[in-house]
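Presented below is the structure to which this report refers.
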Amino acid sequence: MAILIIDDSEETRLDIAAKLAGLAYCDSLSFASLPAALELIEERAAAGTPLNVELILLSTTSENWSSLREVRTVHNLKDTPVIVLAEPTPAAQKFAFSLGAADFVAKPVDKFQLLIRVRNGLRWRLEIERRMAREKELMATLHALSESASGPLRQSTLDTLTGALNIEAFERCIEREWRRAARNRSPMSVVLVKLKGETSFGQTYGLKLRDKALQSVASVIGDALNRPGDAVARSLDRGFIIVLPETPSAGAALVADRIRSQVEGLRLSDQELEVGPALSIETEVLAMTPHRQGSFSEFLKVIETTWRPEPELDRGIDSVDAVIKRAG
């Protein structure tokens, strides 16, 4: 297992490596730039000796920023947490999170803060691995059940186009999370995602390319959800609904921003078009803290009226913390 330290200053790399010396179960490898690290990782993978990277500590340089998106395209780095090392400015933090960073450590690097962030990142990576193992086991079980039932189980829970939950399965999922949040008095958030100009998109480029666009958005959303309780469904109006348990509005807004920035970097390919259309989405974040006396049906009404506002309809719920609208 290895932690990658990426900084253009050798002095900084040595300093960080010394601070991490107490993490005896992880080796640290230092690089002057992210492209250099990715080159070694690809070489090791091609040689049949892949490098098991548990965490990436990445300093901010223009070269590193431009290469950060590539990290998610490398198969064995897809779920590797990236902690950005930078000057503690709001703009730097927002930009880092929009590119998919998991955490942020201010420069000059304090050892105590560094170790806390690194340990949290390693725990997060371990949780991802456990989740993936559970998902693999669950999918194997679902596949076996689906095969034995000639496919009806899968058809009854998943949207056939995007692979997201269908709305009926999602309502069962979100009700379970809502009741858990009400018991624990913990926050939860819902992110509503819709392909911008979807109707005109289908009219302009055709239903086939529109469906491909929805599949691409669903794939980006799936990559952005890292915890076992996170779930996404395709709604009846062809948008997507995401539930984020134990997540306040600020955390959900970061997830929404990350999804939007990833989608805006996509451009669909089509044999009949020299240049395929770029994608854009609009998102809304609904954050709340359910209570035991609350009504789940009223909660669903809140989601519906937030996505398609109807002023004359009383939402009937007093636990909405925030609604954040973001246009792509």
Quick one: Asp8 ticks every box in (1) part of a loop (DSSP other than H, G, I, E, B); (2) crowded, with 18+ Cβ neighbours inside 10 Å except a single one, so which number is it? (2)
Taking region 219-249 and keeping only residues that are in a loop (DSSP other than H, G, I, E, B) and basic (Lys, Arg), one is left with Arg227, Arg238
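Looking only at region 95-111, filter to residues that are outside any loop (DSSP other than H, G, I, E, B) and at pLDDT 80 or above; which one of those is farthest from Leu14 (Cα to Cα)? Give the derivation first.
Let us first name the residues in region 95-111 that are outside any loop (DSSP other than H, G, I, E, B), namely 95-98, 103-106, 111.
Still in the running and at pLDDT 80 or above: 103-106, 111.
Numbers: Asp103: 21, Phe104: 19, Val105: 17, Ala106: 17, Lys111: 13 Å.
Only one residue tops the list, namely Asp103.
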For the subset of region 20-57 comprising residues that are among the hydrophobic types (A, V, I, L, M, F, W, C) and part of a strand (DSSP E or B), which member is farthest from Ile128 (Cα to Cα)? Phe31
Just for region 147-188: of the residues that are farther than 24 Å from Val220 by Cα and not assigned by TED's automatic domain parsing to the domain that holds Ser235, which one is modelled with the highest pLDDT? Glu147
If only one of Thr247, Thr305 is assigned by TED's automatic domain parsing to the domain that holds Ile167 and modelled with pLDDT of 75 or more, which one is it? Thr247
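Determine, yes or no, whether Ala17 is closer than 18 Å to Leu122 by Cβ and either at pLDDT 85 or above or part of a loop (DSSP other than H, G, I, E, B) (or both). So that I can check it myself, show each step before the final result.
Working: closer than 18 Å to Leu122 by Cβ: yes; either at pLDDT 85 or above or part of a loop (DSSP other than H, G, I, E, B) (or both): yes.
The answer is yes for Ala17.
The values are calculated or read from the model by the stated rules, or taken from the named source; none is laboratory data. Computed from a prediction, not measured in an experiment: that's the story for all the values here. Positions of Cβ are generated from backbone atoms using ideal geometry, with glycine treated the same way; all protein chains shown enter the neighbour counts.
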